Amino acid sequence: MRKAMFIFAAMLLVACDNNMTQPPAPSRDYTPAEQQTLAAGSARARTCAACHGPRGISRNAMYPHLAGRSANELSAALTAYRDGERKHAIMSPQARGLTDDDITLLSKYFALLPAAATATTAE
Ligand code: HEC
């Protein structure tokens, strides 16, 4: 019996440890509409991932995190880059081809993703 308890405890430990290596779990359940946004957004955001990370959390301080930021803030930034009100040698060309619908989708998508533990913004 004691041996069985030990094995159970060891299995729990392995399960916890394994959990640490997974991407951060969403902090809540997503509605069907949000799940649709996540699916469409992740397809549209594939090019963004190269710099901003696969889930909007960048591994390089040069690139701001996008996950968990407000959709309004993200869409304002993207619109400003696209329209030339905000200029950046790397980011402006990324935003140039975006339609209003792209910006709405991408902003909602990144806003839904779990934020990084520490925020990195361009400001
Ligand atoms: C080649 C690298 C690269 C790619 C690809 C890229 N970005 Fe960026 N992005 C940057 C950099 C660098 C900045 C910071 C620019 C600055 O300081 O103004 C930035 C800034 C931003 C910001 C402003 C964040 C803030 O804190 O104000 C948003 C929003 C953003 N990117 C969204 C996107 C989206 C959406 C895509 C995909 C369509 C994308 N980026 C693709 C490099 C990239």
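Read the figures in this text as sums done on the coordinates, not as results from a lab. Bear in mind that the values here come from a model prediction, so they are computed numbers and not experimental data. Positions of Cβ are generated from backbone atoms using ideal geometry, with glycine treated the same way; all protein chains shown enter the neighbour counts.
What is segment 31-112 by shape, rounded, prolate or oblate, if you read a ≥ b ≥ c off the alpha carbon gyration tensor as root eigenvalues and call it rounded for a/c under 1.5, prolate for a/b larger than b/c, and oblate otherwise?
Oblate, since a/c reaches 1.5 and b/c is not below a/b.
Taking label positions 7 Å along the Cα-Cβ direction at both CYS51 and GLN35, the computed distance is 3.3 nm, reported to one decimal. Taking the number of Cβ atoms within 10 Å of each Cβ as an exposure proxy, the fewest-first ranking of TYR63, TYR30, TYR109 is TYR30, TYR63, TYR109. Counting beta carbons within 10 Å around each of LEU105, LEU113 and listing the fewest first gives the order LEU105, LEU113. Note on ALA61 and ALA80: their simple-model spin labels are 2.2 nm apart, each label 7 Å out from Cα toward Cβ.
Averaging the sequence gap over all C-alpha pairs within less than 8 Å and six or more residues apart, then dividing by the number of residues, gives segment 34-91 a relative contact order of 15 percent.
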